[in-house]
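Taking it in order: structure first as structure tokens, then the write-up.
Bear in mind these aren't lab numbers, they're just calculated from the coordinates by the rules spelled out. Only a predicted model underlies this, so the values are computations on that prediction, with no experimental measurement involved. Virtual Cβ from ideal backbone geometry, glycine too; neighbours counted across all protein chains shown.
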Amino acid sequence: MDTSNYFSTRRTIRRYEPSRPVSIELIDKMLEDAARAANTGNMQTYSVIVSTDPEEIARLAPAHFNQPAITGAKAVLTFCIDFNRFNRWCRINGTEPGLNNLQGFTWGVIDTSIFAQQFVTISEMNGLGTCYLGTTTYNAGQIAETLGLPSDVVPVITVTVGYPAESPELQERLPIRAIVHHGRYVNPSDDELREVYSEKENLESSKQFVKENNKENLAQVFAEVRYPRAANEQFSRVYKEYLKNQGIAL
């Protein structure tokens, strides 16, 4: 495969062919390859729960607001920080681990994310479609209960998988000059900010989005409708309380 073409044309797939299952053998092989990803100290403080049975997926779906990407998925992978395995291994060897804190949690989030992204890339290179669900941390407690997660295991990422039943348009991205800084961070002027966001703002889909939400501009849609402060703070409280109950002190 031409990898440069893959990365320049990749897209999220939310609808999957209903008659084409994804074999457990293929998933396990892709996860084995994905686990070669870099991680902190080679501790691999992560685990993944693979759900392929339709009933298992149906039990998970409400925690993800029954999005089409999960209700039609052939496999759902829940990637978790897993201190349980590492902590127990340390204790049976006569030592006390020290990961249940902000630094350990940060390592766990980073390493779990790298593992998940490696799996996504391998899956898509094998002709599968994938979708990250942004709802995992909203309802981590519900997901943990559904999956039988013990203490010290925290869900952070969910990926749905299947053979594509759609070929959506590529989503826009900010121009590379907006995100790459050479040598030192360069804080853009207001005019420069307006310019780098102008392509996104001028898309017909963005204009329609603004109109549908009765807002003046796209920034207001993001800040006041899609990701408002009140909702973010509420989800933060719920997730922080869940982490506290899991013994992770932030």
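Things to note:
- Note, ³J(HN,Hα) from phi for region 182-189, Karplus 6.51, -1.76, 1.60, rounded to Hz, x at Gly and Pro: 9, x, 9, 5, 10, 6, x, 6
- Bridging of residue 211 to lysines at a Cα separation below 18 Å is possible for 200, once same-chain residues fewer than 8 apart are set aside.
- Anchor residue 240: lysines whose Cα lies under 21 Å away (excluding residues fewer than 8 positions away in-chain): none
- Cross-link partners for residue 29 among the lysines, with Cα-Cα distance under 23 Å and sequence neighbours closer than 8 places in the same chain left out: 74.
- The trypsin sites (Lys or Arg not before Pro) of region 120-184 meeting both criteria, a DSSP state outside H, G, I, E and B (loop) and at most 12 other C-beta atoms within 10 angstrom of the site's C-beta, are 173, 184.
- Within region 178-210, the chymotrypsin sites (Phe, Trp or Tyr not before Pro) that combine a DSSP coil assignment with at most 16 other C-beta atoms in a 10 angstrom radius are 185.
- Candidates 160, 40, 121, ranked by Gaussian network fluctuation over the chain, Cα under 10 Å, top entry: 40
- In region 144-242, GluC sites (Glu not before Pro) in a DSSP loop with at most 13 other beta-carbon atoms within 10 Å: 166, 169, 172, 216
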